[in-house]
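Here the structure comes first, spelled out in structure tokens, and everything after it is commentary.
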Amino acid sequence: MDAAEAPRAARGDGKRALDLLRDGEPGWAILTLAAGLPVALAAWLLLAPGRVVMEFGVTDFLFNLAGGWQVLNGRIQHIDFHEPVGPVTFWLTALGYHVVGPTPFAMVVGETIACAMLSVAAMLAAGRRLALVPAVIFVLFAALPAIMPFNMGERLNSYSFAVAYNRYGWGAIGILALVLFIPPRGRRTGVWPDLLLALLLLIALFYTKITYFLVGLAMVGVALLVAGHVREARSGWGLVLVLAVANALAPHSHPYIADIHRHLSSGATPLGPGMFLGVIFSNGPECSLYGMMAVTALMLWRHGLVPLRVPVAMGTLPVAGLALLSLNTQVQGLPLGVVGLFVLYVAIAGQIGPGRVIPATPVLLALLLTPAMASGTIALSLAGYWRLASQPAALWPVERSNLRDLALSGAVAFNPTQSRYISSLIEITDLFAATGAAGRIQLIDRVNPLPFMLGEPPPRGGDLWWDSDFPLRPPAEILGDADHVVLAKKPARLLPAGIHARYLPYIEANFPHRMETASWIVYSRLPPPPSR
């Protein structure tokens, strides 16, 4: 190649790169292949070992299994059992039970189903707005949190599947933000696909966790004020808001709202500026990054280079993420703020002219670095999880009951509390197996996994999760449907104060037959069947 041809070749390479980064409209088949293959590989890393491995958060994990077991047995959340978190997580686990049976593995199957649905939604949103490379990165960023084996803000190898609803919520609300703050382009400018997708996402957020739904409604309201493509279809977006709110206020949602109200009135979720400030300073580096990006977007708008929706999105999305974080059981991580970087990316990409093709490529790649790193972090954690879960010698397995596909990572050496807790639960299942006793079991503890562990129907009327601040329900409400009641000889520290004193008179009056293990006392309505 001579000296005259070199600049032309460089410009050609730069133009091809820019097509992938900015100008090209990815075909649905190419996008599905480019994004679907890495998502499928990530799901394989989670599913291939055939077991669930955890380091901590076992109680939260059992909470999910117990909720899914309630749904599988035909129980209706907020009526037959009570929990202020929405039912999506339990629906997915119940679907996992249908696929693989009564095993802890059902939860990760449910997470994989959620990942697939988020992948489709993210492709529908990104394929109408982004070139191939940013579209693929966005799909991975929105979908992979559903199957990541650690909690947001924790160490990559601190394997846990607790609070899965937060992972689903972050992915869904991130997709909604992309739809609201980046207009569709090229031939894909029809509004109805966006309206339908947004309505489905809002309804899914409502049934995932109410806080995500409320933030989603607020984001639609902000977009109606500052996003041109949303204002142009204000009647359609108004209809989306009306339908989403109507579903939330309809009679079938009243029991759900009642559970949320009871939870908030108990003081179990502290609210106030102190918590919000604590979240800000706990996420100082991320907040600083988003602050700098918001100032950059504001300066670009002042010079007429980007529309108003860009600085508004760069300011609104991190603040909304901080609000969600202050109400979640996680300390760090602001996925919603990262979506603002895609908004800024599209705005800056639109200002790059033909004469600046080559310098544009590193600038655009730099803006994609944060979401790419977030997805890469999850991929790295999944690879480590697969490696550990494929080495039985490094695990402490549960060998009996329906928990037998669960294993703890380094449980005896590094996390004896988790292994002792599981061992104490196995004590009860062994007692029921030895005596032949059966029926609905109510465990007075933070969660009640015994019906799932024994394959028995769960009792009606109780709370799925108990915490120290939760108000106690009347004894007849939570124990009236039970055949057995199990009390710990040493109650959990975070149970409501006086819980045993409140329920013991009712238990002794209605469950006269008693058995004991080293850790538990079992009260039964009927004596165990005679031994054979």
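Can you list residues whose amide H is under 5 Å from Leu443's amide H, if they're 5+ apart or on another chain and H is modeled 1.01 Å from N?
When sequence neighbours closer than 5 places are left aside, the close amide H contacts are Val486.
So how tilted is helix 234-249 from the main axis of the chain? Cα-based, degrees 0 to 90, rounded to 10.
10 degrees
Specify the angular offset, from 0 to 90 degrees and rounded to the nearest 10, of the alpha carbon long axis of helix 105-126 from the longest principal axis of the alpha carbons in the chain.
Approximately 20 degrees, to the nearest ten.
Considering only protein heavy atoms, what per residue accessible area in square angstrom results for the chain with a 1.4 angstrom probe? Intermediate values should be presented prior to the final figure.
Working: 22020 Å² over 532 residues.
For the chain, the solvent-accessible area averages 41 Å² per residue.
About the Cα centre of segment 183-253, how large is the charge dipole given +1 on each Lys and Arg Cβ and -1 on each Asp and Glu Cβ? Please answer in debye to the nearest 20.
Numbers: 6 positive and 2 negative charges, 42 e Å.
For segment 183-253, the charge dipole is close to 200 debye.
Counting only residues 5 or more places away or on other chains, whose amide H sits under 5 Å from the amide H of Lys209 once H atoms are built in the peptide plane?
Residues meeting the criterion, in which the H sits 1.01 Å from N, are Gly86.
If you plug each phi of segment 80-89 into the Karplus form 6.51 cos²θ - 1.76 cosθ + 1.60 with θ = phi - 60°, what whole-Hz ³J(HN,Hα) values come out, in order, with x for Gly and Pro?
After applying 6.51 cos²θ - 1.76 cosθ + 1.60, I find 7, 8, 10, 6, x, 6, x, x, 4, 4 Hz.
Could you give the size of the charge dipole of segment 374-515 about its Cα centre, using +1 on the Cβ of each K and R and -1 on the Cβ of each D and E, expressed in debye and rounded to the nearest 20?
300 debye
By how many degrees, between 0 and 90 and to the nearest 10, does the Cα long axis of helix 335-349 differ from the longest principal axis of the chain?
10 degrees
Per residue, what volume in Å³ does the Cα convex hull of the chain take up?
Numbers: hull volume 87.6 nm³, N = 532.
So the per-residue Cα hull volume is 165 Å³.
Per residue of segment 293-304, what does 6.51 cos²θ - 1.76 cosθ + 1.60 with θ = phi - 60° give for ³J(HN,Hα)? Whole Hz please, x for Gly and Pro, Karplus curve as stated.
After applying 6.51 cos²θ - 1.76 cosθ + 1.60, I find 5, 5, 5, 4, 5, 5, 5, 4, 5, 4, 8, x Hz.
Cα centroids of segment 102-176 and segment 359-412: how far apart, whole angstrom?
Going from one Cα centre to the other spans 13 Å.
In sequence order, what are the phi-derived ³J(HN,Hα) couplings for segment 481-490 according to the Karplus relation 6.51 cos²θ - 1.76 cosθ + 1.60 with θ = phi - 60°, rounded to whole Hz, with x for glycine and proline?
Each residue of segment 481-490 in turn: 9, 8, 9, 9, 10, 10, 10, 7, 5, 10 Hz.
Which order, highest average first, do 114-121, 65-72 follow once you tally other Cβ atoms within 10 Å for each residue and take the mean per peptide? Show your work: numbers first, answer last.
Details: 114-121: 21.6, 65-72: 25.1.
The densest-packed peptide leads the list: 65-72, 114-121.
Any chance you could check the Cα centroid distance between segment 206-237 and segment 458-532 for me, in angstrom?
Segment 206-237 and segment 458-532 have Cα centres spaced 45 Å from each other.
Given only helices, namely DSSP H runs of n ≥ 4 each adding -39500 (n - 2.57), what is the per-residue ellipticity at 222 nm of the chain, to the nearest 500 deg cm²/dmol?
Details: 22 runs with 321 residues, N = 532.
The helix contribution divided over the chain gives -19500 deg cm²/dmol.
State the answer as a single residue: which of Ala233, His261, Ala244 lies farthest towards the positive end of the charge dipole of segment 198-317, with beta carbon charges of +1 for Lys and Arg and -1 for Asp and Glu, about the Cα centre.
Selected residue: Ala233.
Report the charge-dipole magnitude of the chain in Debye, nearest 20, computed about the Cα centre from +1 at each Lys and Arg Cβ and -1 at each Asp and Glu Cβ.
Numbers: 36 positive and 30 negative charges, 167 e Å.
Dipole magnitude for the chain comes out near 800 debye.
Heavy atoms only, probe 1.4 Å: what % of the accessible area of the chain goes to carbon and sulfur, would you let me know?
Details: 14580 of 22020 Å².
Exposed carbon and sulfur together represent 66 percent of the surface.
Taking amide H atoms as placed 1.01 Å from N in the peptide plane, list the residues 5 or more away in sequence, or in a different chain, whose amide H sits under 5 Å from that of Ser160.
Glu55, Phe150, Asn151
The values are calculated or read from the model by the stated rules, or taken from the named source; none is laboratory data. Computed from a predicted structure; not experimentally measured. Glycine also receives a Cβ, built like all others from the backbone with ideal geometry; neighbour counts cover every protein chain displayed. In case anyone asks, the SASA skips ligands and DNA or RNA and just uses the protein heavy atoms, side chains included. Shrake-Rupley method; radii C 1.70, N 1.55, O 1.52, S 1.80 Å.
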